[in-house]
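*Asks:* Here you go, one structure.
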Amino acid sequence: MAISIIRENELNKVIKFLALGFSWSLERSNKVKNYIKKANKDIDFYGFYIFNSDNEINGAVLSPYQGKYFSRGEEIRVANLMSWYVSPNIRGMESIQLAKSAVDYLNKRKYSVVNFTPNNIAITVFLSFGFKYMDILTARFFYFEGFKYFSPFAFKKYVRKIIPVKDIYSSFKENFKSGTKTYKIVLNNNDIIFKAVKTTRKKKILGLNIFLPVLYITPLIKKEYVLENIEIFSSALCYYFLVLFIELDIEKKYLISNNDFHKRFKPRYLCFSKEKNFKVIPFFGSELTIK
């Protein structure tokens with residue numbers, strides 16, 4: 001077994017391997033390929049793969065170039081590891097070696113590394129490599145949680161408008177925009193700016209694959225006010241974007257540890273960097289934005 005970098009001429013073959021392993025549809029495969037080609041258009045690689053003596057692929061992990069993080073006059077390149085899959089017959093040390101090779105290569109090329117969709121095994125492995133949980137926590141809020149605002153009269157009383165606005169986020173610039181946009185909601189005469197993308201999440205229910213609409217959100221200003229008014233905020237956005245629930249990201253410093261409501265927020269995203277101030281990278285440009 002050997003490990004190599006995924007170049008453009010190997011990308012189609014790797015995507016086919018991952019599609020088989022993850023049971024992706026043709027549509028999903030094309031979306032992932034389109035995403036990583038656009039994200040990595042300015043660099044010369046797409047990830048890493050394991051192959052045997054017959055040149056057959058036995059494992060792969062993609063590394064989209066998510067974007068640049070700006071802090072204290074420094075520019076930090078951010079790479080995201082996603083779709084880590086190894087054939088069941090060689091899992092074990094080969095899986096760990098593939099992931100470790102990816103992290104080491106990216107680290108040597110001065111990328112900070114993140115992971116937005118790790119499963120429990122990936123979390124254990126990456127934490128052993130020195131990854132840390134980001135200082136961003138996530139919670140899910142459903143449309144019906146703001147049931148008292150369901151009537152048109154009550155809704156109009158609290159929510160004046162929701163409109164797209166010019167992007168104001170300056171600390172991170174993503175390479176792949178997809179459908180991520182910046183919006184303003186006027187809530188109780190308070191202007192709240194947030195960034196969001198509507199996508200779908202696959203769930204298997206009674207053996208059937210069900211695709212549920214979901215909205216990923218990061219408030220950019222007045223984060224304390226969002227937390228204080230989360231019921232009407234989440235219900236308004238579910239109504240406006242026609243989704244059943246939202247996934248809200250918030251920095252840990254805005255949460256109160258003894259608040260039962262705030263305890264719903266859990267760490268999910270991982271990061272690895274030599275930069276001490278590198279603890280918060282938004283989902284913008286990650287695989288979560290693939291529509």
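The values are calculated or read from the model by the stated rules, or taken from the named source; none is laboratory data. Since the model is a prediction, treat every value here as computed from it, not as a measurement. Glycine gets a Cβ as well: all are built from the backbone with ideal geometry, and neighbour counts include every protein chain shown.
*Asks:* Lys252 passes all but one of (1) loosely packed, with under 13 Cβ neighbours inside 10 Å; (2) touching a strand residue (DSSP E or B) at 6+ places or on another chain (Cβ under 7 Å); (3) assigned by TED's automatic domain parsing to the domain that holds Lys198; which number fails?
*Replies:* Evaluating Lys252 over (1) loosely packed, with under 13 Cβ neighbours inside 10 Å; (2) touching a strand residue (DSSP E or B) at 6+ places or on another chain (Cβ under 7 Å); (3) assigned by TED's automatic domain parsing to the domain that holds Lys198 leaves (1) as the failure.
*Asks:* So which residues in segment 23-50 are surrounded by 15 or more Cβ atoms within 10 Å (Cβ to Cβ), closer than 22 Å to Lys202 by Cβ and of a type in the set (A, V, I, L, M, F, W, C)?
*Replies:* Matches in segment 23-50: Trp24, Val32, Ile36, Ala39.
*Asks:* A further question on this structure: Can you pull out the residues in segment 70-118 that are in a helix (DSSP H, G or I) and either over 20 Å from Val14 (Cβ atoms) or aromatic (Phe, Trp, Tyr) (or both)?
*Replies:* Met93, Tyr105, Asn107, Lys108
*Asks:* Still on this model: Assigned by TED's automatic domain parsing to the domain that holds Ala122 and surrounded by fewer than 16 Cβ atoms within 10 Å (Cβ to Cβ): which single residue out of Ser63, Ser53, Ser83 fits that description?
*Replies:* Answer to the selection: Ser53.
*Asks:* Just one of Phe233, Phe261 is over 30 Å from Ile36 (Cβ atoms), surrounded by fewer than 16 Cβ atoms within 10 Å (Cβ to Cβ) and aromatic (Phe, Trp, Tyr); which is it?
*Replies:* Phe261
*Asks:* Taking segment 99-111, which residues are over 11 Å from Val125 (Cα atoms), surrounded by 15 or more Cβ atoms within 10 Å (Cβ to Cβ), of a type outside the set (Ser, Thr, Tyr) and at pLDDT 95 or above?
*Replies:* Answer for segment 99-111, where residues must be over 11 Å from Val125 (Cα atoms), surrounded by 15 or more Cβ atoms within 10 Å (Cβ to Cβ), of a type outside the set (Ser, Thr, Tyr) and at pLDDT 95 or above: Ala102, Val103, Leu106.
*Asks:* State whether the residues of segment 22-40 include one that is part of a helix (DSSP H, G or I), over 19 Å from the mean Cα position of the chain (by Cα) and closer than 24 Å to Gly92 by Cβ.
*Replies:* no
*Asks:* Continuing with this model, one more query. Can you name the residue in segment 255-291 that is of a type in the set (Val, Ile, Thr), in contact (Cβ under 8 Å) with a residue 60 or more places away in the chain and assigned to a loop (DSSP other than H, G, I, E, B) and, of all such residues, is farthest from Ser29 (Cα to Cα)?
*Replies:* Only one residue fits best here, namely Val280.
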